Amino acid sequence: MRDQLVTERLGYAGLIPFYGAVLGFAVFTDYPQSLSVQAFIVYSLAILCFLSGALWGQAGHAAGKEQILRRIVSNGIVLYAVAAVLTAQAMVAAVLLMLGFVCFGMSIGSVIWRCGMVGCGSG
């Protein structure tokens, strides 16, 4: 129970930089506003990479082709996210990162759906 509480609180605390960057964009002008945009982009990249690492870790619990698929998806999301940031255009990077989060959510949803239907690790 305590681990779940810590995990939940850390998850919510992880939203603070997102909200701080959005607030900074809304309140500041010029350089501080630009810095807020960059902070949002970089933190989005970091979180997407962190989530992909978690997907990589969960791949060890799968068997056969499912394990390989999860690892490929994990690496693909990271490479996509880094490429999105390398566009050097904040709006484009933000939209591409948002799509990365959507793709990550879809991949997790797909795994959850399959596990519910056929059992996890039954390759």
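Listed values, structure above:
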quantity: First in the range 92-105 and under 13 Å from Val82 (Cα atoms), second anywhere and surrounded by fewer than 16 Cβ atoms within 10 Å (Cβ to Cβ), Cβ under 8 Å, 6 or more apart; calculated: Ala93/Thr87; Leu96/Ala83; Leu96/Thr87
quantity: All positions within the range 1-49 that are surrounded by 11 or more Cβ atoms within 10 Å (Cβ to Cβ), out of contact with any Ser or Thr (no Cβ under 7 Å at 6 or more places or on another chain) and of a type in the set (Phe, Trp, Tyr); calculated: Phe18, Phe40, Tyr43
quantity: Residue in the range 26-35 that is within 18 Å of the chain's Cα centre (by Cα), part of a loop (DSSP other than H, G, I, E, B) and not charged (D, E, K, R) present; calculated: no
quantity: Contacts under 7 angstrom Cβ, first residue in the range 49-74 being under 18 Å from Val102 (Cβ atoms) and without any contact (Cβ under 8 Å) to a residue 24 or more places away in the chain, partner of a type in the set (A, V, I, L, M, F, W, C) and part of a helix (DSSP H, G or I), 6 or more apart; calculated: Ser74/Leu55; Ser74/Trp56; Ser74/Ala59
quantity: Considering residues of the range 90-106 that are over 16 Å from Ile41 (Cα atoms) and surrounded by 13 or more Cβ atoms within 10 Å (Cβ to Cβ) only, the residue farthest from the chain's Cα centre (by Cα); calculated: Cys103
quantity: Those residues of the range 75-88 which are of a type outside the set (A, V, I, L, M, F, W, C), under 15 Å from Leu99 (Cβ atoms) and part of a helix (DSSP H, G or I), in sequence order; calculated: Gly76, Tyr80
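Coordinate-derived values only; no laboratory data. On a predicted model such as this, the values are computed, not experimentally measured, just so you know. Cβ atoms come from the backbone with ideal geometry, glycine included; neighbour counts cover every protein chain shown.
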